[in-house]
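A short write-up of the structure that comes next.
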Amino acid sequence: MADGAPVADEAWIARQLEFANKQFAALDVEWQIVGSDELPESAARVEDAAERDSFGRLVKGKVVHVFVTGQLDDIDTPGAVAYGVTWRRGDTKYVILSTQAWERTLAHELGHVFGLPHSTYPISIMNKTPRTEPPPEERRFADEELAQMKQRLAQIVKARVLVDVGALPRPTQSLEGRGL
């Protein structure tokens with residue numbers, strides 16, 4: 001919440017989710033929001049590591065939590081803005097997104113949830129290097145990254161971090177959204 005209104009509208013959330021689902025379709029993974037809670041006004045801007053850590057106490061259960069803020073400061077570069085981060089507090093891992101994020105940011109951060117590091121593959125959404133080729137709309141996980149995530153998928157489902165809801169036409173996993 002910021003000034004009494006959500007920091008992200010439904011269209012912004014839908015774009016992030018649509019792009020993430022497009023990228024994860026190669027793994028037969030579909031993300032969906034299974035819950036949503038409002039964050040306090042103080043979370044409209046996340047300025048430092050302590051504020052990032054504070055979201056850890058809100059993580060409940062074994063699902064992927066995504067917290068959305070209006071501004072996420074880059075803690076490594078003073079004055080810079082971050083678009084998203086996969087954050088760890090102890091054994092708890094969660095995603096924080098800024099509404100300033102590109103539509104591919106949620107997919108990128110979920111790649112980190114699957115254990116992917118930043119990469120140098122030109123095609124990859126995990127590559128943070130500024131480049132014009134390929135254009136952003138053509139970027140995706142590199143084949144090597146998909147293979148790595150496919151191996152990790154079974155472990156994540158077994159640990160019940162993701163849940164196979166099985167009743168749908170294809171295997172679907174759950175994503176819990178917070179602060180949306």
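The values are calculated or read from the model by the stated rules, or taken from the named source; none is laboratory data. Predicted, not measured: the structure shown is a model, and the values here were computed from it. Every residue, glycine as well, gets a Cβ built from its backbone with ideal geometry; the counts of neighbours run over all protein chains shown.
When the range 59-84 is examined, which residues are found to be surrounded by fewer than 17 Cβ atoms within 10 Å (Cβ to Cβ), more than 12 Å from Ser98 (Cβ to Cβ) and in contact with a Lys or Arg (Cβ under 6 Å, 6 or more places away or on another chain)?
Lys62, the sole residue that qualifies.
What is the number of the single condition among (1) within 13 Å of the chain's Cα centre (by Cα); (2) modelled with pLDDT of 95 or more; (3) assigned to a loop (DSSP other than H, G, I, E, B) that Leu97 does not meet?
(3)
Kindly evaluate Phe24 against the criterion of being in contact with a strand residue (DSSP E or B) (Cβ under 6 Å, 6 or more places away or on another chain), among the aromatic types (Phe, Trp, Tyr) and surrounded by 19 or more Cβ atoms within 10 Å (Cβ to Cβ).
Numbers: in contact with a strand residue (DSSP E or B) (Cβ under 6 Å, 6 or more places away or on another chain): no; among the aromatic types (Phe, Trp, Tyr): yes; surrounded by 19 or more Cβ atoms within 10 Å (Cβ to Cβ): yes.
Considered against the rule, which asks whether it is in contact with a strand residue (DSSP E or B) (Cβ under 6 Å, 6 or more places away or on another chain), among the aromatic types (Phe, Trp, Tyr) and surrounded by 19 or more Cβ atoms within 10 Å (Cβ to Cβ), Phe24 comes out as no.
Of the conditions (1) over 30 Å from Asp9 (Cβ atoms); (2) modelled with pLDDT of 90 or more; (3) not charged (D, E, K, R), Thr77 satisfies every one except a single condition; which number is it?
Among (1) over 30 Å from Asp9 (Cβ atoms); (2) modelled with pLDDT of 90 or more; (3) not charged (D, E, K, R), Thr77 violates only (1).
Within the range 23-80, which residues are among the aliphatic types (A, V, I, L, M) and free of Cβ contacts under 8 Å to residues at least 12 places away in the same chain?
Within the range 23-80, Ala25, Ala50, Ala80 meet the criteria.
Restricting to the range 10-48, name every residue that is among the charged types (D, E, K, R), assigned to a helix (DSSP H, G or I) and closer than 27 Å to Leu153 by Cα. Let's see the steps before the verdict.
Looking only at the range 10-48, we keep the residues that are among the charged types (D, E, K, R), and these are 10, 15, 18, 22, 28, 30, 37-38, 41, 45, 47-48.
The next check asks that each one be assigned to a helix (DSSP H, G or I); those that pass are 10, 15, 18, 22, 41.
Within the range 10-48, Arg15, Glu18, Lys22 qualify.
Tell me yes or no: at least one residue of the range 115-124 is surrounded by 14 or more Cβ atoms within 10 Å (Cβ to Cβ), touching a helix residue (DSSP H, G or I) at 6+ places or on another chain (Cβ under 6 Å), among the β-branched types (Val, Ile, Thr) and modelled with pLDDT of 95 or more.
No, the range 115-124 contains no residue that is surrounded by 14 or more Cβ atoms within 10 Å (Cβ to Cβ), touching a helix residue (DSSP H, G or I) at 6+ places or on another chain (Cβ under 6 Å), among the β-branched types (Val, Ile, Thr) and modelled with pLDDT of 95 or more.
Would you pick out the residues in the range 121-152 that are of a type in the set (Ser, Thr, Tyr) and either part of a helix (DSSP H, G or I) or over 26 Å from Asp73 (Cβ atoms) (or both)?
Within the range 121-152, Tyr121, Thr132 qualify.
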